[in-house]
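Each value in this text was obtained by applying a stated rule to the coordinates, not by laboratory testing. Given the structure is predicted, the values throughout are model-derived calculations rather than measurements. Cβ sites come from the backbone with ideal geometry, for glycine too, and all protein chains shown count toward neighbours.
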Amino acid sequence: MTNAILAFARAVLWGSLAGGGPFLLLTVPVAIESPQWGRPEAIWIAAMPIAIAAAVVALAAAFFGVPLTAWLARQDDESRLAYVIAGLGVGALLPIALVAMLFGDAEAGAFLAIPGAFAGAVTGASWGRWREQVAGKAADR
């Protein structure tokens, strides 16, 4: 069980860095130029993309990834590619759906579809790699 939790945390970490990392190019310079630099407020501004991505990726992995894992394991059809494709799809569609629900504007959420897809694909690749190792399928490739 501990290995599964560590693998889940690793997948969420990599997905969060992949999805939120590019936005650091915007927030870190803003934080450095802020008169609050060196204070917790500036650090929060700098780290906000990773924190937001981590929350979304963790919730998506829990609510979509875990049931998908149970279903694929029951079907005996787990592969890294299956998790990457599922993560790519959920990662692209989830920001659109969330922004549409919260703000009533799905088009605004489309801006986040690409980083979301990237975060989902990276999360799926990390999790799928671990699941293949658990199933012993990694040696088959």
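Pull out the extension gain between GLN133 and ILE32, defined as 0.36 nm times the separation in residues minus the alpha carbon to alpha carbon distance; nm, one decimal. Walk me through the numbers before you get to the answer.
On the way: separation 101, 0.36 × 101 = 36.36 nm, distance 4.25 nm.
So the extension gain works out to 32.1 nm.
Taking only DSSP H segments of four or more residues, each worth -39500 (n - 2.57), what value at 222 nm results for the chain once the sum is divided by all its residues, to the nearest 500 deg cm²/dmol? Kindly include the intermediate steps, with their values, before the conclusion.
Working: 7 runs with 111 residues, N = 141.
Rounded to the nearest 500, the figure is -26000 deg cm²/dmol.
Distance between the pseudo-spin-label points of ALA106 and ILE85 (7 Å out from Cα toward the beta carbon): 2.3 nm. Treating r as the C-beta distance of ARG74 and GLU41 and R0 as 35 Å, the FRET efficiency rounds to 0.15.
Here the dipole of segment 2-140 is about 320 debye; that uses its Cα centre as origin and unit charges on the Cβ of Lys and Arg (positive) and Asp and Glu (negative). Inter-label distance, ALA62 to MET1: 1.7 nm, where each label sits 7 Å from its Cα along the C-beta direction. By other beta-carbon atoms within 10 Å, ranking PHE8, PHE103 with the fewest at the front produces PHE103, PHE8. Select from ALA51, ALA70, ALA117 the residue whose mean-square fluctuation is largest in a Gaussian network model of the chain (Cα-Cα springs shorter than 10 Å). Maximum among the listed residues: ALA70.
Considering only PHE118, PHE23, PHE63, the mean-square fluctuation computed in a Gaussian network model of the chain, springs between alpha carbons under 10 angstrom, is largest for PHE63.
Extending 7 Å from Cα along the Cβ direction at LEU98 and again at PHE23 yields two label points whose distance is 0.8 nm. Relative to the longest principal axis of the Cα atoms of the chain, the long axis of helix 80-103 makes an angle of roughly 40 degrees.
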